[in-house]
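The values are calculated or read from the model by the stated rules, or taken from the named source; none is laboratory data. Nothing here was measured: the structure is a model prediction, and the numbers come from that model. We place every Cβ from the backbone using ideal geometry, glycine too, and count neighbours over all the protein chains shown. Remember, those area values only see protein heavy atoms, side chains included, never the ligands or the DNA or RNA. Shrake-Rupley method; radii C 1.70, N 1.55, O 1.52, S 1.80 Å.
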Amino acid sequence: MPAQIKAYHERNLSETRLPIWQFSGLALFFIAIAFGAYTNGQDKDEQAQFLKAPKSGDVYEWKTKAGAYTTFRVSEVGTDTLKVHFNNYEVNKISGIYQIDKEENYSDTTYQITRTELQQMYAGGEIVDINRH
């Protein structure tokens, strides 16, 4: 590169500054990532509390052995066991659970699950979410 053009180029580089607003998108991106990590941690803490102290009406989102997703709802809480009603329907994707979580979809039959079984299901990843209404 000729010396005259090189000098012109270096002078332009030293005089040109990037505006701060150009980096605002990057800052918003990192803020969104940090917020997501924080709320995920809060959700995990909340689920751990729900698991330790279940209440009647809690809805557990459950991944079946076949890979489908369904729910079960707690009807009674005993000292060692929970009485639950399973949902009669399943969906292929977890995002579709809201479509089947309706009062009329739960069976009338009551099943018992021990608290130990419930904790094992959660630890094994079978229970994917706990909702308290």
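Here are some notes:
- Once the stretch 81-110 is narrowed to residues that are part of a strand (DSSP E or B) and more than 14 Å from residue 60 (Cα to Cα), the residue that is nearest to the chain's Cα centre (by Cα) is 91.
- Boolean, residue 57 is touching a His at 6+ places or on another chain (Cβ under 7 Å) and open to solvent by less than 100 Å² (accessible area, probe 1.4 Å): yes
- Count - residues of the stretch 80-110 that are among the acidic types (Asp, Glu) and farther than 22 Å from residue 53 by Cβ: 4
- Complete set of residues in the stretch 1-51 that are under 30 Å from residue 78 (Cβ atoms), open to solvent by 60 Å² or more (accessible area, probe 1.4 Å) and either outside any helix (DSSP H, G or I) or in contact with a Lys or Arg (Cβ under 9 Å, 6 or more places away or on another chain) (or both): 46
- Matching residues, the stretch 55-80, being over 16 Å from residue 126 (Cβ atoms), touching a residue at least 24 places away in the same chain (Cβ under 8 Å) and in a loop (DSSP other than H, G, I, E, B): 55, 57, 80
- Scanning the stretch 111-125 for residues that are closer than 16 Å to residue 48 by Cβ and outside any helix (DSSP H, G or I) yields 124, 125.
- Among all positions in the stretch 35-57, there is at least one residue which is of a type in the set (Ser, Thr, Tyr) and in contact with a strand residue (DSSP E or B) (Cβ under 7 Å, 6 or more places away or on another chain).
- Here residue 32 meets each of (1) small (Gly, Ala, Ser); (2) touching a residue at least 12 places away in the same chain (Cβ under 8 Å); (3) more than 18 Å from residue 119 (Cα to Cα) with one exception, condition (2).
Residue-wise test of (1) farther than 30 Å from residue 60 by Cα; (2) at pLDDT 85 or above; (3) of a type in the set (Ser, Thr, Tyr).
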residue	(1), (2), (3)
1	yes, no, no
7	yes, yes, no
11	yes, no, no
14	yes, no, yes
23	yes, no, no
29	yes, yes, no
33	no, yes, no
41	no, yes, no
44	no, yes, no
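- Odd one out for residue 83, checked against (1) surrounded by 10 or more Cβ atoms within 10 Å (Cβ to Cβ); (2) at pLDDT below 90: (2)
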